[in-house]
Amino acid sequence: MRSKALEVFKILEGSYGATDARTIIEYVENTDIMAIERVLNGKLDHLATKRDVEALRREFLSSGENTKNEFKAIREEVAAFKEEVKNEFKAIREEVAAFKEEVKNEFKAVREEATLFKEEVRNEFKAVREEAALFKEEMRNEFKTVRSEMSHNKADLMKWMFVFWAGQLIATFSFILLFIKK
């Protein structure tokens with residue numbers, strides 16, 4: 001009887017915890033002991049005969065059968081509860097797996113978007129660099145043109161300056177000669 005109580009205790013302990021399982025086992029054991037004590041006290045008052053002992057034996061056996069049936073019912077309830085918990089955990093695992101897959105897909109999509117954005121930015125920078133290189137080349141060509149025009153204008157300017165200075169010098173020498181002759 002004690003080994004079966006220990007088995008039931010282990011089963012109940014998994015579901016209800018050690019304290020509640022111990023309380024249930026003690027209740028079941030005390031219920032059986034109290035029933036037996038009541039019967040024995042009633043029989044001892046009349047002095048136990050063989051027939052009384054036989055009746056007591058039958059009652060005890062039926063009480064044992066009831067206990068076995070109760071334990072069997074408890075085991076079945078525990079098994080059903082265990083199966084229910086197992087199914088709940090299975091459902092939770094499936095939900096977690098689905099959520100994990102969803103998050104994984106979201107991260108994959110974000111990575112793809114980031115890669116596309118990165119590529120787009122690279123292409124934009126490449127285009128800007130190409131435009132800057134073209135602008136630089138244009139500016140070089142324009143500066144060459146401006147320099148050649150400036151050198152041409154400088155030569156023209158020098159020519160005209162020479163003509164102006166020469167004209168000024170001639171006019172100045174003419175006035176000086178005019179004043180000296182007079």
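The values are calculated or read from the model by the stated rules, or taken from the named source; none is laboratory data. Nothing here was measured: the structure is a model prediction, and the numbers come from that model. Cβ placement follows ideal geometry from the backbone for every residue including glycine, while neighbour counts extend to all protein chains displayed.
A single entry from Arg75, Arg140 fulfils the requirement of being farther than 30 Å from Leu6 by Cβ and either among the basic types (Lys, Arg) or free of Cβ contacts under 8 Å to residues at least 40 places away in the same chain (or both): Arg140.
Just one of the listed residues (Lys86, Lys159, Lys118, Lys144) is surrounded by 10 or more Cβ atoms within 10 Å (Cβ to Cβ), more than 23 Å from the chain's Cα centre (by Cα), of a type in the set (Lys, Arg) and closer than 30 Å to Ser15 by Cβ, namely Lys86. None of Ile92, Ile24 is assigned to a helix (DSSP H, G or I), modelled with pLDDT of 70 or more and surrounded by 14 or more Cβ atoms within 10 Å (Cβ to Cβ) except Ile24.
Let's see how each residue does on (1) modelled with pLDDT of 70 or more; (2) touching a strand residue (DSSP E or B) at 6+ places or on another chain (Cβ under 6 Å); (3) within 30 Å of Ile11 (Cα to Cα):
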| site | (1), (2), (3) |
| --- | --- |
| Thr31 | no, no, yes |
| Val39 | no, no, no |
| Gly42 | no, no, no |
| Ala55 | yes, no, no |
| Glu77 | yes, no, yes |
| Val96 | yes, no, yes |
| Lys104 | yes, no, no |
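Checked against the criteria, Asn153 counts as of a type in the set (S, T, N, Q), in a helix (DSSP H, G or I) and over 30 Å from Leu12 (Cα atoms). Taking the conditions exactly as written (more than 58 Å from the chain's Cα centre (by Cα) and surrounded by 10 or more Cβ atoms within 10 Å (Cβ to Cβ)), does Phe173 satisfy them or not? In short, yes. Here Phe125 meets the list (1) more than 30 Å from Val8 (Cα to Cα); (2) over 38 Å from the mean Cα position of the chain (by Cα); (3) surrounded by 10 or more Cβ atoms within 10 Å (Cβ to Cβ); (4) among the aromatic types (Phe, Trp, Tyr) almost entirely, failing just condition (2).
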